[in-house]
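Visitor: Take a look at this one; I'll ask things after.
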Amino acid sequence: MTEAIRVVVTGAAGQIAYSLLYMIARGEVFGKDQPLILHLLDIPPMAGVLEGVVMELADCALPLLQEVIPTTDPKVAFKDVSAAFLVGAMPRKEGMERKDLLSANVKIFKVQGQALNEFAKKDVKVLVVGNPANTNALVCANYAPSIPKENFSAMTRLDQNRATSQIAAKLGVPIAAVSNIIIWGNHSSTQYPDAGQGKVFINDVWKSVTEVLNDTSFLQGPFIDIVQKRGAAVIASRKMSSAMSAAKSACDHMHDWWNGTAPGKFVSMGVFSDGSYGTPKDVVFSFPVEIKNKQWKIVQGLTIDGFSKSKLDITGNELREERDEALSVLESN
Ligand code: NAI
């Protein structure tokens, strides 16, 4: 039998983890033949809740799940893990300034970066979901110098899934008939959802979304707005944030990183920028990537028109500012 891999989920007593743990333990990320040992990390006040999650995982009677290790100690949580879903973060409280939120999270991700550095496998794949996800991933990587920077990523797959779903609905085609919709930049309201490279499968051929739709004003207006504000719309309606769809997207992200993307297909991931497409270097920026042998590569050679360039600049500037604020917090600590 294949040897089990260790996978950590932080924020394991929270909403997203409640859906995510089940999906991972069912084999939807690492495969139906890959046994797992799940490490669940949360903070001490949540230890009781964590016990309940452990009971439920046992009661699911999942054949791939060899062991569950609940803990409030990062040293235990990150020991020998091959994959890390960093979901836990400090939520924004009423009256909290952006800087205070960033400051609280920078400290969490510094500690987790240090623990990854010391205890995780050197080829661990790290997906940061907790917000501000891009900058948290940057901080985490900076404190884990023994792990390659390429192994750290931030989640924009939920935004990609939302965007793909909007395009499929607009075209009246099944979701699987739409591909290569891109999210550029930050997982925030400055993100740029871009259907310009999108493909749609109609009458047995892949065609350009922009040509088939022929509606630039929609693609440059309501489409971007809907995707940027979708999280707020879910909160307004459900009175809680998107957890099921966030969990599914975290699985999609890690699944594709682990297993690769099909030829010609690309997905969006927040990764270390090398300056491609004129973006700022050394921020975690969401790009279209292709993945082979567990290594992502930024898709090159895409045409960026003036409209897209201005959108990339806005979100790139925000990421630069976030990075600088995070660094100033770290320096003053
Ligand atoms: P939640 O509040 O239900 O759960 C968060 C959990 O993290 C709590 O159990 C909390 O105790 C725990 N936590 C806090 N600090 C921790 C630490 N230092 N170590 C370990 N655990 C810690 O929140 P939910 O809905 O599960 O969301 C989690 C995060 O994901 C939030 O930051 C949210 O903004 C973010 N998010 C990101 C998305 C993305 O697309 N990148 C989409 C949706 C949510």
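The values are calculated or read from the model by the stated rules, or taken from the named source; none is laboratory data. Computed from a predicted structure; not experimentally measured. Backbone-built Cβ (ideal geometry, glycine too); neighbour counts: all protein chains shown. These area figures cover heavy atoms from the full protein model, side chains too; ligands, DNA and RNA do not enter into them. Shrake-Rupley method; radii C 1.70, N 1.55, O 1.52, S 1.80 Å.
Visitor: Set the bar at 24 Å for Cα to Cα. Now go through K170/K292; K110/K239; K125/K297; K75/K294 and name every pair that lies beyond it.
Guide: Violating the 24 Å limit, Cα to Cα: K170/K292; K110/K239; K75/K294.
Visitor: To the nearest 10 degrees, how steeply does helix 15-25 sit against the main Cα axis of the chain, on a 0 to 90 scale?
Guide: Helix 15-25 sits at roughly 80 degrees to that axis.
Visitor: Can I ask one more? Find out how many positive minus negative residues lie around D324, taking Lys and Arg as positive, Asp and Glu as negative, among other residues whose Cβ is under 12 Å from that of D324.
Guide: Cβ neighbours under 12 Å give a net charge of -3.
Visitor: Could you work out the local net charge near V76, counting Lys and Arg as +1, Asp and Glu as -1, over the other residues with Cβ closer than 14 Å to its Cβ?
Guide: Here the count lands on -2.
Visitor: Here is a further query. Output the Kirkwood hydrodynamic radius of the chain, Cα pairs only, in Å rounded to one decimal.
Guide: Taking the inverse mean of 1/r over all distinct Cα pairs, the chain comes out at 20.3 Å.
Visitor: While we're on this one: If you count only protein heavy atoms with a 1.4 Å probe, what accessible area per residue comes out for the chain, rounded to a whole Å²?
Guide: Values: 14920 Å² over 333 residues.
Accessible surface, normalised per residue, equals 45 Å².
Visitor: Mind listing the phi-derived Karplus ³J(HN,Hα) values for the stretch 275-287, rounded to whole Hz, using 6.51, -1.76 and 1.60 with θ = phi - 60°, and x for any glycine or proline?
Guide: x, 3, 6, x, 7, x, 6, 6, 10, 8, 10, 7, 10
Visitor: Given G270, I304, W258, which one lies farthest toward the positive end of the charge dipole of the stretch 199-314, if we put +1 on the Cβ of every Lys and Arg and -1 on the Cβ of every Asp and Glu?
Guide: Among G270, I304, W258, the one farthest towards the positive end of the dipole of the stretch 199-314 is W258.
Visitor: How much FRET efficiency would the formula 1/(1 + (r/R0)^6) give for S332 and M240, where r is the Cβ-Cβ distance and R0 is 35 Å, rounded to 0.05?
Guide: So the FRET efficiency works out to roughly 0.55.
Visitor: Please find the FRET efficiency linking E56 to E3, where r is the Cβ-Cβ separation and R0 is fixed at 30 Å, and quote it to the nearest 0.05.
Guide: E between E56 and E3, to the nearest 0.05, is 0.70.
Visitor: For the stretch 5-154, what % of the accessible area comes from carbon and sulfur atoms, probe 1.4 Å? Let's see the in-between values first.
Guide: Details: 3470 of 6250 Å².
That fraction is 55 percent.
Visitor: Run the reach check for K122 against aspartates and glutamates, Cα to Cα strictly under 17 Å, same-chain hits fewer than 8 apart removed. What comes back?
Guide: Excluding near neighbours in sequence, the set is D80, E150.
Visitor: Now for a separate question. List the aspartates and glutamates whose alpha-carbon lies under 14 Å from that of K248, not counting same-chain residues fewer than 8 positions away?
Guide: Once the sequence-local aspartates and glutamates are set aside, what remains near K248 is E28, D159, D256.
Visitor: Between T210 and D100, what length in nm is gained on full extension when 0.36 nm per residue of separation is reduced by their alpha carbon distance?
Guide: Length gained, T210 through D100: 35.5 nm.
Visitor: Using a 1.4 angstrom probe on the protein heavy atoms only, line up D252, D100 by accessible area, largest first.
Guide: D100, D252
Visitor: When the solvent-accessible surface of protein heavy atoms is calculated with a 1.4 angstrom probe, in what order do M240, M1 fall, highest first?
Guide: M1, M240
Visitor: What distance in nm separates the two pseudo spin-label positions at K297 and V173, each 7 Å out from Cα along the beta-carbon direction?
Guide: 2.6
Visitor: What is the local net charge at P63, summed over the other residues whose Cβ is closer than 11 Å to its Cβ (Lys, Arg +1; Asp, Glu -1)?
Guide: +1
Visitor: Moving to a separate point now. Work out from phi, with θ = phi - 60° and the Karplus expression 6.51 cos²θ - 1.76 cosθ + 1.60, the ³J(HN,Hα) of each residue of the stretch 29-41, listed in order in whole Hz, and give x for Gly and Pro.
Guide: 10, 9, x, 6, 10, 9, x, 9, 10, 9, 9, 10, 10
Visitor: Can you compute the label reach from E28? Point 7 Å from Cα along the Cβ direction, backbone N cut-off under 18 Å, restricted to the stretch 233-276.
Guide: Residues 241-260 fall inside that zone.
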